[in-house]
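Comments concern the structure below.
The values are calculated or read from the model by the stated rules, or taken from the named source; none is laboratory data. Just so you know, these numbers come straight off a predicted model, no measurement behind them. Ideal geometry is used to build each Cβ from the backbone, glycine not excepted, and the neighbour counts take in all protein chains shown.
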Amino acid sequence: MQTEMAILMADLSGYTAMTEMHGPQSAAEIINRYLELADKAMYGSSRLLERVGDQLVIVSPNANDLAVTALQLLEYCAHEPNFLPVHAGLHYGTIIEQGGSFYGSVMNVTARIAAKAKDGSILCSAEFMEKANSEGVFNFKVTDKVKLKNILHPVTLVELLPGEKFATVNKTTDPVCLMQVDKSTGFHYVYNDHHYYFCSDQCLQVFRHDPEVILNRE
């Protein structure tokens, strides 16, 4: 069946680094909590289509509903103590649904857009923006046209920004495990006149042992 659909792909940033530092049990707990927060973030007609590792694919026929879902997911994850940031991509277009699975270039483009998003940000296509009516709940900021892998024509990327209903969160990133931490944490270190904050003494000691390796890893 062919239909119009809005697609959201959201990933946890730094999941591999966090798993390497804190182990598989912590990774499993993060994923379980991520799913709980995603369920809480669902708005209107939005629903979880599938999960692949730490990536969630959420869909809705209504672009507004999916925009609010994406922003709520980012907000909930940002407020969660010692949690990973999220980056996400949104797109809108024609998909083919067969047996509960979605097929079509819309899925591929959404994945490419999500890969371009920085930690704690949501990027969307111009097609998605045209279908969404913010009504003061969210805003858009046009960024630039970019070439996406295996996509023939350049795509205009737009950042989805929260409106006043969403709370501002002021956190920084642990450079070792890449989790979001509050600056009030007791684990703090100054290196080359820059202040770094950590989720635990374990991460602090790893950083102190060889900060250049941590700061220059890919």
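For region 21-53, the candidate set comprises residues that are touching a residue at least 40 places away in the same chain (Cβ under 8 Å) and farther than 22 Å from Lys116 by Cβ; within that set, the residue that is surrounded by the fewest Cβ atoms within 10 Å (Cβ to Cβ) is Arg33. Yes or no: region 70-91 includes at least one residue that is among the β-branched types (Val, Ile, Thr) and either surrounded by fewer than 23 Cβ atoms within 10 Å (Cβ to Cβ) or more than 29 Å from Tyr197 (Cα to Cα) (or both). Taking every residue of region 70-91 in turn, none turns out to be among the β-branched types (Val, Ile, Thr) and either surrounded by fewer than 23 Cβ atoms within 10 Å (Cβ to Cβ) or more than 29 Å from Tyr197 (Cα to Cα) (or both). Filtered by the rule that a residue be over 11 Å from the mean Cα position of the chain (by Cα) and more than 21 Å from Thr143 (Cβ to Cβ), region 73-96 gives Tyr76, His79, Glu80, Pro81, Asn82, Phe83, Thr94, Ile95, Ile96.
Working only within region 97-147, note down all residues that are small (Gly, Ala, Ser), more than 16 Å from the chain's Cα centre (by Cα) and part of a strand (DSSP E or B). Passing the criteria: only Ser101.
Applying the set (1) in the same structural domain as Leu35 (by TED's automatic domain parsing); (2) in contact with a Leu (Cβ under 6 Å, 6 or more places away or on another chain); (3) over 19 Å from Leu49 (Cβ atoms) to Cys124 leaves exactly one unmet item: (3). When the residues of region 166-218 are filtered to those that are assigned to a loop (DSSP other than H, G, I, E, B) and more than 23 Å from the chain's Cα centre (by Cα), the one that is surrounded by the fewest Cβ atoms within 10 Å (Cβ to Cβ) is Asp193.
Of everything in region 5-50, what is in contact with a Ser or Thr (Cβ under 6 Å, 6 or more places away or on another chain) and farther than 19 Å from Leu123 by Cα? Give them in sequence order. Ala27, Ser45 - these are the residues of region 5-50 that are in contact with a Ser or Thr (Cβ under 6 Å, 6 or more places away or on another chain) and farther than 19 Å from Leu123 by Cα.
With respect to Ser134, is the statement that it is over 26 Å from Thr19 (Cα atoms), among the small types (Gly, Ala, Ser) and at pLDDT below 90 true?
Details: over 26 Å from Thr19 (Cα atoms): yes; among the small types (Gly, Ala, Ser): yes; at pLDDT below 90: yes.
Yes, satisfied.
Checked against the criteria, Lys183 does not count as touching an Asp or Glu at 6+ places or on another chain (Cβ under 7 Å), of a type outside the set (A, V, I, L, M) and modelled with pLDDT under 90. Leu37 meets the conditions (1) within 21 Å of Thr172 (Cα to Cα); (2) in a loop (DSSP other than H, G, I, E, B) in every case but one. The failed one is (2).
For region 1-12, give me the residue count where each residue is surrounded by 12 or more Cβ atoms within 10 Å (Cβ to Cβ) and at pLDDT below 90.
First, the residues of region 1-12 that are surrounded by 12 or more Cβ atoms within 10 Å (Cβ to Cβ): 4-12.
Retained after the next criterion (residues that are at pLDDT below 90): 4.
Total meeting the criteria: 1.
Residues that are touching a helix residue (DSSP H, G or I) at 6+ places or on another chain (Cβ under 7 Å) and not in a strand (DSSP E or B) were ranked within region 60-79; the one that is farthest from Asp11 (Cα to Cα) is Ala63.
Among the numbered conditions (1) at positive phi; (2) buried (at least 20 other Cβ atoms within 10 Å of the Cβ), the only one that Gly120 does not meet is (2).
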